[in-house]
Amino acid sequence: MTRHLALGLAAALLAACCGGDWDRAGAPPLGAATGAASAPVAISQPRVPSGGSSPPASRAAAAAAVAPVTLPTRLRDLDFRNAALPLKLGAAAVRFTGGEAVWDEQPVRLGGVAFGDLDGDGRDEAAVRVVADITKRTMDPSRGVWLLVYSGTPTDLRLRGRRELGLTGRDRVDTIEIVAGKLLARGEVRGPGDGCLPGHRREMMLALTRRGLVERGRRTWAMGEEPARLDPPDIQRGMKAVEPQVRACGRRGGGPAVVQVSVTVDGQGRVAEADTIGKFAGTPLGDCVAAAVRRARFRRTGSTPTKLTYPFMVP
């Protein structure tokens with residue numbers, strides 16, 4: 001025992017001469033000085049107010065100040081009255097300010113914008129009516145009207161179709177709308193001569209194809225005698241009412257799909273016929289969507305049946 005006590009005292013004296021305790025691996029203990037005296041390092045921690053775990057308001061504000069700006073991703077979010085729009089395929093974009101611009105040395109103005117699905121892919125296109133006053137160039141009081149269709153996003157705007165109406169001073173286009181996959185342009189044609197004689201109203205239906213905007217039909221009627229029929233808002237309200245049932249049909253499909261339905265509405269506002277057309281015709285998904293559309297109800301017109309094709313986006 002005396003021998004063991006002597007060995008222990010010798011080990012203690014040796015450690016004291018070496019300047020401190022060493023761990024089993026021969027490294028100094030955590031926090032021990034290994035050379036010249038070093039000042040303690042203060043590690044600052046974020047101060048958390050009592051009762052919560054959020055950083056101080058000033059730090060949150062600073063983080064918000066450097067957050068990236070979120071750019072619009074939908075065409076509906078683009079301010080067309082103050083945007084750069086290509087007015088012709090392959091041409092440079094024209095900058096509009098407050099709905100007005102100068103293109104090819106002539107003043108042009110934005111006459112209206114309509115949104116809707118024109119190619120059946122479930123995403124909106126934007127139809128734009130541009131009016132050009134060419135009086136200063138030709139001394140002829142004619143006005144050119146262009147119908148332009150864009151797709152993509154606000155940061156990747158693509159011109160898909162262009163239709164020049166070439167109206168005279170007696171003609172005009174009042175409104176444009178996208179309904180059931182078609183672009184409807186409505187306007188007025190004044191009477192002959194000085195325009196004092198009665199004119200008529202006109203509606204033009206256009207479709208977006210690989211060749212651009214192609215006319216699919218035209219109607220005219222006497223001033224003040226517009227035929228009773230379902231207007232685009234009437235159609236949209238009727239179809240919107242059955243959208244929950246249409247979305248429920250998605251369980252029968254294999255993913256998102258655009259289902260086209262041919263619909264006939266009678267004068268009492270009831271759906272007389274509803275059949276799916278295209279690749280989903282006769283499929284469980286198509287039959288389910290057609291059955292849902294047959295429950296739709298519309299405003300009574302008392303006129304001849306209204307026939308239309310309507311696209312549904314099924315999730």
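The values are calculated or read from the model by the stated rules, or taken from the named source; none is laboratory data. In this text the structure is predicted, and so the values were computed from the model without any measurement. We place every Cβ from the backbone using ideal geometry, glycine too, and count neighbours over all the protein chains shown.
Looking at the structure I just gave you, is R247 over 24 Å from T175 (Cα atoms) and in contact (Cβ under 8 Å) with a residue 40 or more places away in the chain?
Numbers: over 24 Å from T175 (Cα atoms): yes; in contact (Cβ under 8 Å) with a residue 40 or more places away in the chain: yes.
Here the answer is yes, as R247 does meet what is asked.
Going through V246, V263 one at a time, which residue ends up being over 22 Å from the mean Cα position of the chain (by Cα) and at pLDDT 90 or above? It would help to see each step written out before you state the result.
Numbers: V246 fails: over 22 Å from the mean Cα position of the chain (by Cα).
So the residue among V246, V263 that is over 22 Å from the mean Cα position of the chain (by Cα) and at pLDDT 90 or above is V263.
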Within the stretch 257-308, residues in a strand (DSSP E or B) and of a type in the set (K, R) come out as R270, R297, K307
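If only one of F280, F312, F298 is buried (at least 16 other Cβ atoms within 10 Å of the Cβ), farther than 26 Å from R186 by Cα and either of a type outside the set (A, V, I, L, M) or assigned by TED's automatic domain parsing to the domain that holds R190 (or both), which one is it?
Details: F312 fails: farther than 26 Å from R186 by Cα; F298 fails: farther than 26 Å from R186 by Cα.
Only one candidate qualifies: F280.
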Which of (1) in a helix (DSSP H, G or I); (2) in the same structural domain as V179 (by TED's automatic domain parsing) does M205 not meet, given it meets every other one? (1)
Could you tell me whether any residue of the stretch 264-272 is closer than 18 Å to L184 by Cβ and either touching a residue at least 24 places away in the same chain (Cβ under 8 Å) or in contact with a helix residue (DSSP H, G or I) (Cβ under 9 Å, 6 or more places away or on another chain) (or both)? yes
For G238, indicate whether it is on the phi < 0 side of the Ramachandran plot and either not assigned by TED's automatic domain parsing to the domain that holds E188 or not in a loop (DSSP other than H, G, I, E, B) (or both). yes
